[in-house]
Structures are given as C-alpha cells and as structure tokens.
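Visitor: If you scroll down you'll find the structure; I have some questions about it.
What follows draws every value from the coordinates through simple rules; no lab data is involved. Note that this is a predicted model, so its numbers are computed, not measured. Because the Cβ atoms are built from the backbone with ideal geometry, glycine has one as well, and the counts that use them run over all protein chains shown.
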Amino acid sequence: MTLPFNKSLIIIPTYNEIDNIDKMIKTVFGLYPQIHLLIIEDGSPDGTAEVVKKHMETNKNLHIIERKGKLGLGTAYLTGFKWALEREFDFVFEMDCDFSHDPAQVKDLLEAAQNAELVIGSRYIDGIRIINWPFRRLLLSYCASIYTRFVTGIPVFDTTGGFKCFTRKALESINLSNVISNGYIFQLELNYKVWSKGLRVTEVPIIFYERRDGQSKMGKGIIFEAFFNVLKLRFHKMMGKLN
Ligand SMILES: Nc1nc2c(ncn2[C@@H]2O[C@H](COP(=O)(O)OP(=O)(O)O)[C@@H](O)[C@H]2O)c(=O)[nH]1
Ligand SMILES: [Mg+2]
C-alpha cells in the first residue's frame with residue numbers, strides 16, 4: 001500500500017534533547033523523505049533549537065516553533081495541532097524525541113489511520129512491551145490505564161501513551177481551546193473526546209523503550225492532575241459538556 005507520507009506531519013516537543021535531536025531528525029528523514037517534521041522547542045538552554053535550525057537550512061520539510069519557556073507537553077502539542085490544521089496535513093503524529101517511540105513504527109500507525117480517525121501506539125495490547133522501566137513506573141502507568149478505562153469506559157488499553165496518529169477529522173472534532181490537561185492525562189483527554197464524538201479509535205502494538213540519553217522532564221504533580229482530571233472529564237460528559 002502506498003501511504004500518504006507527504007500529507008503527514010510528525011510533531012516532536014523538545015526540552016533539552018541535545019543528546020537525541022540530531023539523530024532523531026536524521027532517522028525520521030532517512031525513513032520517510034517526504035514527511036514533514038515540526039519541533040516545538042521550549043527554549044532549551046542546551047542548544048537543541050540551534051541543531052534544528054542547522055538542519056532547516058537544507059531541509060524544507062523541517063519546521064520549528066519556539067516558545068519562551070518550558071510550558072508543558074500538552075500545550076506544546078496543542079500549538080502544533082493548530083499549526084497543522086492551518087496547513088494541508090491530513091495525518092498528524094505525536095512522538096517523543098528520546099527514541100522511546102521507534103520512528104520505524106510511524107508507518108504502522110499511518111497504515112492503521114487509513115481505517116480509523118485516531119490511532120494509538122499501544123504498550124498494553126497483546127501483552128506488555130516496555131523496555132527498561134523500573135517496576136514502580138510500570139505499575140503506576142498500568143494502574144493509571146485501568147483506572148482511566150474504568151472511569152471513562154473508553155475501550156483503549158494504553159490511555160496515556162504518547163505515540164499517536166490523529167487524522168484531520170479527529171483533530172477538527174476537538175475544541176482545542178477547551179483542553180484542560182497538560183501532563184500524561186492530556187493523552188487520555190484527547191482520546192476520550194475523539195471517542196465520545198463517535199469516531200473510530202484503534203490501537204496498534206508498539207514497543208516502548210525507556211530513554212537511554214538525556215533525562216525525563218515530567219514532574220510528580222502530573223499524577224494528581226491525572227487522578228482528578230479523569231473524574232472531571234467523566235463529569236463533563238455526564239453534563240453533556242465534553243467538547
Ligand atoms: N516543548 C516541550 N517539550 C517537552 C516538555 N516536557 C517534556 N518534553 C518533551 O516531551 C517528550 C517526552 O518527555 P520525557 O521527558 O521523555 O517524558 P517521559 O518519557 O514521560 O519521562 C520529550 O521529547 C521531551 O523533550 C515541555 O515542557 N515542553
Ligand atoms: Mg521519555
């Protein structure tokens with residue numbers, strides 16, 4: 001099957017990814033020369049933006065949006081989604097810069113997106129595939145996925161995964177100005193909203209590798225955000241106000 005790579009945009013938010021960014025750009029365009037890549041850069045002190053700009057001199061499919069400080073993953077993606085919708089993209093990917101998500105699997109998600117509006121790269125269907133996470137973290141993530149599935153009823157196993165492909169239709173179904181979450185639960189919020197509109201949400205098995213280089217940027221507060229926002233979103237839906 002020929003896949004529409006030229007209509008696809010990968011969004012990667014970055015904060016201090018100097019150890020990964022050069023290799024990531026080369027890997028993405030090595031695999032998919034026609035794809036577009038948008039980096040949402042939050043003023044990393046380590047010079048991540050300079051590496052991106054260097055590549056941009058010779059690559060017209062590479063783009064950057066620079067923000068003034070570390071404003072969080074959720075708002076980074078929302079900025080990227082708005083940018084994508086203003087342009088001709090039909091498929092919009094979320095992916096991390098730390099190689100936790102294997103760029104070689106972009107094609108698997110894109111293939112599945114030909115028959116669904118939202119595709120989630122799933123660590124938790126057909127077994128559990130996470131390499132190099134401490135047991136604590138795996139337990140937390142797995143319990144979070146059970147909890148969110150229980151509260152919302154969404155038929156998705158990996159509710160907080162961040163390797164995804166949205167079709168234009170899925171993004172247009174969400175009111176991007178009304179998204180309330182910014183941490184891990186941002187992912188569930190979007191899944192829940194797309195699914196609640198009656199659109200098709202599907203999971204594709206992926207392998208998740210813990211980062212080898214650089215450090216995690218996610219703080220502890222987002223666990224509380226996750227717990228309460230799931231209940232809040234369920235309540236919004238009950239009141240007919242989930243949009
Ligand atoms: N622009 C931006 N990117 C971020 C921010 N926080 C994390 N990231 C990026 O989001 C991706 C996932 O973050 P990471 O630290 O690996 O989280 P973890 O995998 O949950 O430990 C990476 O590409 C980070 O560079 C942020 O506040 N702003
Ligand atoms: Mg990571």
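Visitor: Just to be sure I understand: of the beta bridges DSSP finds with both ends in the stretch 5-238, what percent are antiparallel, rounded to 5?
Guide: 25
Visitor: Express the relative contact order of the chain as a whole percentage, based on alpha carbon pairs under 8 Å and six or more residues apart in sequence.
Guide: Rounded, it is 23 percent for the chain.
Visitor: Setting aside same-chain residues fewer than 8 positions from Lys241, which aspartates and glutamates have a Cα under 14 Å from its Cα?
Guide: Qualifying aspartates and glutamates at Cα under 14 Å: Glu189.
Visitor: Could you name the aspartates and glutamates whose alpha carbon sits less than 16 Å from that of Lys82, not counting residues in the same chain fewer than 8 places away?
Guide: Qualifying aspartates and glutamates at Cα under 16 Å: Glu41, Glu66, Asp90, Glu94, Glu172.
Visitor: When ranked by the protection proxy of mean other Cβ atoms within 10 Å per residue, highest first, what sequence do the peptides 185-197, 220-232, 126-138 form?
Guide: Ranking, from highest mean packing down: 185-197, 220-232, 126-138.
Visitor: When the Karplus curve 6.51 cos²θ - 1.76 cosθ + 1.60 is applied with θ = phi - 60°, which whole-Hz ³J(HN,Hα) does each residue of the stretch 66-73 get, with x for Gly and Pro?
Guide: 9, 10, 7, x, 6, 9, x, 5
Visitor: Take Arg200, Arg212 and order them by how many other Cβ atoms sit within 10 Å, fewest up front.
Guide: Arg212, Arg200
Visitor: Which whole-angstrom value gives the distance between the alpha carbon centres of the stretch 1-63 and the stretch 197-235?
Guide: Between the Cα centres of the stretch 1-63 and the stretch 197-235 lies a distance of 22 Å.
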